[in-house]
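Colleague: Below is a structure I'd like to ask you about.
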Amino acid sequence: MSEPAAGEEPLLEVRGLRKYYFENDSLFDRLLRREPTSVKAVDGVDLEVYPGETLGVVGESGCGKSTTGETLLRLREATDGSVRFDGEDVMEMSGDELTRFRKRAGIVFQDPFSSLDPRMTVGDIVGEGLKIHGMPEESPEDGRSKREWRRDRARELLERVGLSADQIDRYPHEFSGGQRQRVGIARALALDPEFVVLDEPVSALDVSVQAQILNLLEDLQEEFGLTYLFIAHDLSVVRHICDRVAVMYLGEVVETGPTDDIFESPKHPYTEALLESVPRASVEEQGRRVDPLPGDVPSPRNPPSGCHFRTRCPEVIQPATVDIPQEQYRGVMNLRDRLERQGFTAESVWETLESEHDGDDFERDTVAFKEAMREEFDLADLSGATMDTVEDALEILANGREDEAAERLREAFASPCEEEEPVLTGGEHAAACHLFADEEYDRDLDPEDVGNAMGGMGAPGPSPPVDGDVDDDLDPDGPDGTVEADADDSVGTDGDR
Amino acid sequence: MSETTSGTERAGTPTGDGAPEGHPDDVLRVRDLSTRFFTEEGQINAVESLDFTVRDGEVFGIVGESGSGKSVAALSLVDLVDSPGRITSGEVWYRDADLADEFRDDVPEAVDGEFVDTRRLPEGVRRALRGPAFSMVFQDPMSSLNPSITVGEQIAEAVEVQRRARANPRRTRSRTQGYGMGRLIVDSLLPNRGYTSESSMNRAIELLEQVGIPDPAERAHEYPHQFSGGMLQRAMIAQALAGEPDVLIADEPTTALDVTIQAQILNLLRDLQEEQDTSVVMITHDLGVIARMCNRVGVMYAGQIVERGTLSDVFDSPVHPYTEGLIGSIPDLDDPAPRLQPIEGNVPSLLDEEMGGRCFFADRCPKAMSDCLQPIPEYDAEPGTDEHAARCVLTEREYDEADALPPDHFDRNEEVRGDE
């Protein structure tokens, strides 16, 4: 539970990790010359985990956090990228080397009901790893057989995780969810690992039991000097247990940094929205309205170009030629996105208009079409050159030429966010967002627009006074240096707490 | 003990006459509702003499861990408990002046003023109340919708049922049961003869639009697997709204969803509730969701509501050690406390023979005393108000270590149970 000292070597270093799953990739598909489609579960992830710390990986379902955890342990073969564990390349390991790595790195799975073999006693489950790794190597000196030694070790482990040693001959179905998760933890600890991936270890548990397990994990970390990679979707759990956090969205890390920095001064608009969305268990929460992110996470089969988050981002950067309120720009972007990526057709609008129309004499009226579109995509308030362009595009769309309409909108409204993929920048507390990438795209909009962009997106909930300087991050000319200085400040303050 | 229970004890007598006393805005008053499951392993007391009220236009929250009986309580309200479960006792008083007039002469014991006891109404009438009076949003949208029927058609079915019911009120045969063998044969021969009509389909599309599904006309013709989880939950809500219910029961409506989607659905539920002045019973395990949505809360443990009151009663001045423990177990997002205070042990099994006549929480309670070894009625936590009440002797007396149970008091029972 220590902050990584400067210059310390990470225990685990992940670089550009990719894991794609391919569809239509069988021999039959190849004979028919079908193009395989890839599902980009993990799409270029960089992580470092320092000895003794807990790195949280947090994100919504489908963002690739579990796949990352399993791929870096080589439980799944990576498509690309490198993983170095204690200086050795995990991807190149084989034979004995890999076996040794397996002993040093363990995993606790999410679902305590399906991750334990129902036909083995918990003693066998906990001792199985010992047996596979040929432990003990020599017969114990006190005359016990190797089997007895393993059994005693399993007893010890069960006691350590808060179960009774008498329960060694019970089967998993005789235990409750929390107890099974304890068995899973005992199994992961059996080989004395240095590094444990905890894949949503408490999300299947009730809150009262969840707190028991979290406390247990903290105690074990301290006792055995473990390093954790803690995968979770529950932000309050992450805040509680992690030293540093990486926030994932659609297969990529969008923000990473010390826990307090991330939670008190999030940089990436996605992190902000995520924090804003979480309901707090306190009376002040009553009736709090959040501005939720619109829409769903896009499919990883066809992630948006550039920044993956741009389709839901409340702060998309507008091209130099456009300067309209964020909501209106969002409306135009939504229209484009639906046309380009979701197969939106003019025909469906006509059908809706027809079904709303009374009587049989329905005529295709372009004016009504444009009216309906403006309403659907909140485009009514546009004015000036922007309106002309959109009107133009709607006219083209009304004539059924979707591609051309999309093209017309793309020419006028293409955002820097879709052209270039942002990279993690900002040192210790880094975000992959063009807003922080360089000064060119910084928020030097007039105050009104900043107000719009930031509507309802302030620091969530009641924040400690440390947050006073959070807004500095939004400083139009806040280069990386300033940001880092902020991060350091916060770390210092936390130490005092 | 006797002198403490006098005066403030308000445990409902099993089959009282008339509706229980309550707030004038009550739309639903539940008294002494018990549901049991009769399984091979024994009788399971899933819901044990439940008392609560729901008022006009409010959100009443029921919070509890898994296995606390909150979902069964919801199903019991709408009489959807399946065999081997059965509602063994209790009254569900629902305010409906028209219904009360209709049954005042036929079933006098089921009517009190504007209230009717749905448990004593004929089965068919109770059935007819599902939709216009009560409707339900289930937890898992993926498994609650039929995968082989388009989303639009499933919602249109609900609309159609309500339309036929309005045309012919109280005749249940005109509703779901209208689909008999005859219709089945005709439909098999003429596959295009659907149950739904064009007008109900259009209404379904309107409903989908109301719950915020883009391109409703097009999406209505898609199947559930083509919807995302959040969209499906919206569709489920649209279906529940088809009958314009007075009371919407939402059973863990956001548990299967991610936080950003959860925020969308909670906003939607809030908007709908405010627009249509529906009362909502919100069932969840997430105290954060309760805090954001609810006016009043009931905390369930082992089939009972162990504490109820307004949101601030329960969150800021809890009396029952279980409520305290539940709140202490949650890591605070804004203030990472050094150590969580979990409740030791596990949720009890609800097998009748193992429950015994005591406070069900006594075996995990840090403040268990000898007084806790008898059945605990509900006491007022703050004298004079009817709002804040708890099933705990600590409402009546201070914790006294002299009376504390020895720490191994329950170990013997647990040996027998072989579970912990």
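Colleague: Decide, for chain A, between rounded, prolate and oblate: order the square roots of the alpha carbon gyration tensor eigenvalues as a ≥ b ≥ c, take rounded if a/c falls under 1.5, and otherwise choose prolate if a/b is larger than b/c, else oblate.
Modeller: Working: a/c = 2.25, a/b = 1.78, b/c = 1.26.
Prolate is the answer for chain A, as a/c is 1.5 or above and a/b outweighs b/c.
Colleague: Where Lys and Arg each count +1 and Asp and Glu each count -1, what net charge lies around A:T366 among other residues with Cβ under 11 Å from its Cβ?
Modeller: Numbers: positive: A:R364, A:K370; negative: A:E363, A:D365, A:E371, A:E391, A:E395.
Result for the neighbourhood of A:T366: -3.
Colleague: Using 0.36 nm times the number of residues separating A:D361 and A:T345, minus their current alpha carbon distance, what extension gain do you get?
Modeller: On the way: separation 16, 0.36 × 16 = 5.76 nm, distance 2.27 nm.
Answer, rounded to one decimal: 3.5 nm.
Colleague: Something else: What FRET efficiency, computed as 1/(1 + (r/R0)^6) with R0 = 41 Å and r the Cβ-Cβ distance, is obtained for A:D381 and A:R104, rounded to the nearest 0.05? Please report the intermediate quantities before stating the final value.
Modeller: Working: r = 60 Å, r/R0 = 1.46.
Computed FRET efficiency for A:D381 and A:R104: 0.10.
Colleague: Could you identify which residue out of B:P24, B:P253, B:P132 has the top mean-square fluctuation in a GNM of chain B using Cα springs shorter than 10 Å?
Modeller: B:P24
Colleague: Kindly identify the protein assembly as shown as rounded, prolate or oblate by the Cα gyration tensor criterion: order the square roots of the eigenvalues as a ≥ b ≥ c, call it rounded if a/c is under 1.5, otherwise compare a/b with b/c, prolate if a/b is larger, else oblate.
Modeller: Values: a/c = 1.60, a/b = 1.02, b/c = 1.56.
In terms of gyration-tensor shape, oblate.
Colleague: Now for a separate question. Go ahead and estimate [θ] at 222 nm for the protein assembly as shown from helices alone: -39,500 (n - 2.57) per DSSP H run with n ≥ 4, summed, over the residue count, rounded to 500.
Modeller: Working: 35 runs with 335 residues, N = 917.
So the calculated ellipticity at 222 nm is -10500 deg cm²/dmol.
Colleague: Find, among the trypsin sites (Lys or Arg not before Pro) in segment A:120-216, those assigned to loop by DSSP (not H, G, I, E, B) with at most 15 other beta-carbon atoms within 10 angstrom.
Modeller: On the way: sites: A:K131, A:R144, A:K146, A:R147, A:R150, A:R151, A:R153, A:R155, A:R160, A:R170, A:R180, A:R182, A:R187; in loops: A:R144, A:R170.
Here the sparse-neighbourhood loop sites are A:R144.
Colleague: Quick one: check the C-alpha center-to-center distance for segment B:44-75 versus segment A:361-436, whole angstrom.
Modeller: 47 Å
Colleague: While we're on this one: Neighbouring Cβ atoms within 10 Å as the yardstick, rank B:S279, B:S68 fewest first. Write out the running numbers ahead of the final one.
Modeller: Numbers: B:S279 22, B:S68 28.
Neighbour counts put them in this order, fewest first: B:S279, B:S68.
Colleague: Long-range amide H contacts for B:S49: which residues qualify at under 5 Å (H placed 1.01 Å from N, peptide plane, sequence gap of 5 or more or a different chain)?
Modeller: Here the answer is B:S34, B:T35, since their amide H atoms fall under 5 Å of that of B:S49.
Colleague: Between B:V137 and residues 5 or more places away or on another chain, which pairs have amide H atoms under 5 Å apart, with H built 1.01 Å from N, and which residues are they?
Modeller: HN-HN under 5 Å from B:V137: B:I249, B:A250, B:D251.
Colleague: Show me the trypsin sites (Lys or Arg not before Pro) within segment A:300-370 that DSSP assigns to loop and that have at most 11 other Cβ atoms within 10 Å of their Cβ. The partial results should precede the final answer.
Modeller: Numbers: sites: A:R301, A:R310, A:R312, A:R330, A:R336, A:R338, A:R341, A:R364, A:K370; in loops: A:R301, A:R312, A:R364.
Sites meeting the loop and neighbour criteria: A:R301.
Colleague: Here is a follow-up. Given chain B, what percent of its DSSP beta bridges are antiparallel, to the nearest 5?
Modeller: On the way: 35 of 54 bridges.
Roughly 65 percent of the DSSP beta bridges within chain B come out antiparallel.
Colleague: I've got another one for you. Taking springs between alpha-carbon atoms closer than 10 angstrom, which of B:D371, B:D215, B:D51 fluctuates most in the Gaussian network model of chain B?
Modeller: Residue with maximal mean-square fluctuation among B:D371, B:D215, B:D51: B:D215.
Colleague: Here is a further query. With a 10 Å cut-off between alpha carbons and a GNM built on chain B, which of B:L33, B:L269, B:L333 moves the most?
Modeller: Per the Cα network of chain B with a 10 Å cutoff, B:L333 tops the list.
Colleague: What distance in nm separates the two pseudo spin-label positions at B:R358 and A:E174, each 7 Å out from Cα along the beta-carbon direction?
Modeller: Reported label-point gap for B:R358 and A:E174 is 2.3 nm.
Colleague: Given H placed 1.01 Å from N in the peptide plane, which residues other than close sequence neighbours of B:E307 have an amide H under 5 Å from its amide H?
Modeller: B:V299, B:R391
Colleague: Rounded to a whole number, what is D in µm²/s for segment A:12-250 from Stokes-Einstein with the Kirkwood radius over alpha-carbon pairs (20 °C, 1.002 mPa s)? Walk me through the intermediate numbers first.
Modeller: Details: Rh = 19.1 Å.
Rounded to a whole number, D works out at 112 µm²/s.
Colleague: Could you work out the mean count of beta carbons from other protein chains within 10 Å of each residue's beta carbon in A:159-168? Before the final figure, lay out each step's value.
Modeller: Working: counts 0, 0, 0, 1, 1, 1, 0, 1, 2, 0.
That works out to 1 on average.
Colleague: Right, another one. For segment B:182-237 and segment A:4-81, what is the separation of their Cα centres, given in Å?
Modeller: Centre-to-centre (Cα) distance: 39 Å.
Colleague: In whole Å, what is the distance between the alpha-carbon centres of segment A:199-238 and segment A:266-330?
Modeller: Answer, in whole Å: 28.
Colleague: Here's a follow-up. Over 31 Å between Cα atoms, which of A:K65/A:K103; A:K40/A:K131; A:K40/A:K370; A:K19/A:K146; A:K267/A:K370 qualify? Each step should come with its number before you reach the end.
Modeller: Values: A:K65/A:K103 22 Å; A:K40/A:K131 37 Å; A:K40/A:K370 37 Å; A:K19/A:K146 40 Å; A:K267/A:K370 38 Å.
In this structure, A:K40/A:K131; A:K40/A:K370; A:K19/A:K146; A:K267/A:K370 lie more than 31 Å apart at Cα.
Colleague: List the equivalent ellipsoid semi-axes of segment A:318-414 in whole Å, largest first, each obtained as the square root of 5λ for an eigenvalue λ of the Cα gyration tensor. Working shown, then result.
Modeller: Values: eigenvalues 120, 37, 25 Å².
That gives 25, 14, 11 Å for the three semi-axes.
Colleague: Filter the GluC sites (Glu not before Pro) in segment A:23-94 to those in DSSP coil with at most 10 other Cβ atoms within 10 Å of their Cβ, and list the result. Kindly include the intermediate steps, with their values, before the conclusion.
Modeller: Values: sites: A:E23, A:E48, A:E53, A:E60, A:E70, A:E77, A:E88, A:E92; in loops: A:E53, A:E60, A:E77.
Here the GluC sites (Glu not before Pro) that fit, given the DSSP loop and packing criteria, are A:E77.
Colleague: Compute the acute angle (0 to 90°) between the alpha-carbon long axis of helix B:198-210 and the principal axis of greatest extent of the alpha-carbon atoms of chain B; round to the nearest 10°.
Modeller: 40 degrees
Colleague: Then there's this: About its Cα centre, how strong a charge dipole does the protein assembly as shown have in debye, to the nearest 20, once Lys and Arg get +1 and Asp and Glu get -1 at the Cβ? Walk me through the numbers before you get to the answer.
Modeller: Numbers: 88 positive and 192 negative charges, 939 e Å.
That gives a dipole near 4500 debye.
Colleague: Oh, and also: Please report the net charge: other residues with Cβ closer than 15 Å to the Cβ of A:R76, K and R +1, D and E -1. Mind dumping the intermediate values first?
Modeller: Details: positive: A:R18, A:K19, A:K40, A:K65, A:R74, A:R102; negative: A:D43, A:E70, A:E77, A:D80, A:D199.
Within the 15 Å Cβ shell, the charges total +1.
Colleague: Residue by residue through segment A:298-309, which ³J(HN,Hα) values in whole Hz follow from phi under the Karplus form 6.51 cos²θ - 1.76 cosθ + 1.60 (θ = phi - 60°), with glycine and proline marked x?
Modeller: So the J values, rounded to whole Hz, are x, 5, x, 5, 9, x, x, 5, x, 6, 5, 8.
Colleague: Something else: On average, how many beta carbons from a partner chain sit within 10 Å of the beta carbon of a residue in B:313-323? Can you show the working numbers first?
Modeller: On the way: counts 1, 1, 6, 2, 0, 0, 0, 0, 0, 1, 0.
The per-residue average across the peptide is 1.
The numbers here are math on the coordinates, done by the rules we state, and not lab data. Since this is a predicted model, take the numbers as computed values, not measurements. Reconstructed Cβ throughout: ideal geometry from the backbone, glycine too, with neighbour counts over all protein chains shown.
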